[in-house]
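Structure incoming, see below.
Each value in this text was obtained by applying a stated rule to the coordinates, not by laboratory testing. Keep in mind that what you see is a predicted model, and the values were worked out from it rather than measured. Cβ sites come from the backbone with ideal geometry, for glycine too, and all protein chains shown count toward neighbours.
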Amino acid sequence: MRSQRALRALCRDTLKGLDLDLPLDVTQLCDRYGERRGRPIRLIAHPLPAGMPNGVWLAADDADYFFYQSNTSRLHQDQIVIHEFGHLIAGHQMLGAVSASALTAPSAGDSDDALQRTCYSDDREWEAEMLASMMLSWAADASDTVGSTPANADLRGIQRLLGGHKGWL
Ligand SMILES: [Zn+2]
């Protein structure tokens with residue numbers, strides 16, 4: 001299991017250079033990270049049944065898919081997505097690649113079969129949760145400092161120089 005220090009370094013390395021807006025938008029985070037590594041992350045709201053996790057990451061041949069619970073609040077959905085993002089950056093994938101067609105045009109049964117194969121050890125759950133909470137608390141602190149990110153590139157540069165992004169971007 002990684003130390004908190006190692007997890008914090010992983011967060012910084014992941015977020016650095018993504019030029020994210022504040023307040024944090026998890027969709028933008030996933031889009032930019034996917035662009036940078038040349039493999040998209042696709043977010044799909046899905047009514048996950050009781051007894052299953054609220055979020056599931058599946059690696060398909062062309063992209064990573066995060067399924068997240070559609071039957072909950074937007075805030076909770078953001079927490080679910082960033083938790084799955086934590087699993088991804090920590091390299092927790094343990095499923096073989098599944099074909100994209102099984103995910104995107106499935107019968108209901110195929111989709112549920114695929115979703116039910118995700119089960120992580122407690123260590124991995126802890127790491128994903130720590131990564132998620134580090135990123136969310138960094139973003140909340142940075143938003144408290146700077147409010148929202150200006151659209152103007154010069155102003156963004158100044159904001160960064162002044163340390164408003166806590167050195168994470
Ligand atoms: Zn998890």
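Considering only residues that are within 11 Å of the ligand (Cβ to nearest atom) and in contact with a helix residue (DSSP H, G or I) (Cβ under 7 Å, 6 or more places away or on another chain), which ones fall in the range 83-92? Spell out how you get there, then give the answer.
Filtering the range 83-92 down to residues within 11 Å of the ligand (Cβ to nearest atom) leaves 83-88, 90, 92.
Residues satisfying the conditions are 83, 85, 86, 87, 90, 92.
Among the residues of the range 60-78, is there at least one that is under 11 Å from the mean Cα position of the chain (by Cα) and part of a helix (DSSP H, G or I)?
Within the range 60-78, one or more residues are under 11 Å from the mean Cα position of the chain (by Cα) and part of a helix (DSSP H, G or I).
Just to be sure before I move on: is residue 27 under 15 Å from the mean Cα position of the chain (by Cα) and surrounded by fewer than 16 Cβ atoms within 10 Å (Cβ to Cβ) in the structure I sent? If you could, list the steps in order and put the result at the bottom.
Numbers: under 15 Å from the mean Cα position of the chain (by Cα): yes; surrounded by fewer than 16 Cβ atoms within 10 Å (Cβ to Cβ): yes.
Considered against the rule, which asks whether it is under 15 Å from the mean Cα position of the chain (by Cα) and surrounded by fewer than 16 Cβ atoms within 10 Å (Cβ to Cβ), residue 27 comes out as yes.
Among the residues of the range 70-84, is any more than 21 Å from residue 130 (Cα to Cα) and in contact with a strand residue (DSSP E or B) (Cβ under 6 Å, 6 or more places away or on another chain)?
Checking the range 70-84: at least one residue is more than 21 Å from residue 130 (Cα to Cα) and in contact with a strand residue (DSSP E or B) (Cβ under 6 Å, 6 or more places away or on another chain).
Could you list, in sequence order, all residues of the range 23-59 that are under 28 Å from residue 151 (Cβ atoms), small (Gly, Ala, Ser) and in a loop (DSSP other than H, G, I, E, B)?
Of everything in the range 23-59, just one residue is under 28 Å from residue 151 (Cβ atoms), small (Gly, Ala, Ser) and in a loop (DSSP other than H, G, I, E, B), namely 38.
Looking only at the range 38-47, which residues are away from the ligand (no atom under 16 Å from the Cβ) and not basic (Lys, Arg)?
The initial filter retains those residues of the range 38-47 that are away from the ligand (no atom under 16 Å from the Cβ), namely 38-40, 42, 44-45, 47.
Once the filter is applied, which keeps residues that are away from the ligand (no atom under 16 Å from the Cβ) and not basic (Lys, Arg), the range 38-47 yields 38, 40, 44, 45, 47.
Under the condition of being touching a residue at least 60 places away in the same chain (Cβ under 8 Å) and within 12 Å of the ligand (Cβ to nearest atom), which residue from the range 48-78 is farthest from residue 136 (Cα to Cα)? Walk me through how you get there before you give the answer.
To start, the set of residues in the range 48-78 that are touching a residue at least 60 places away in the same chain (Cβ under 8 Å) comprises 48-49, 52-53, 56-58.
With the extra rule that they be within 12 Å of the ligand (Cβ to nearest atom), the set shrinks to 52-53, 56-57.
On the way: 52: 24, 53: 20, 56: 19, 57: 19 Å.
Only one residue tops the list, namely 52.
Restricting the search to the range 7-23, which residues are on the phi < 0 side of the Ramachandran plot and loosely packed, with under 12 Cβ neighbours inside 10 Å? Step through it out loud before you land on a result.
Narrowing the range 7-23 to residues on the phi < 0 side of the Ramachandran plot: 7-16, 18, 20-23.
Correct list: 13 only.
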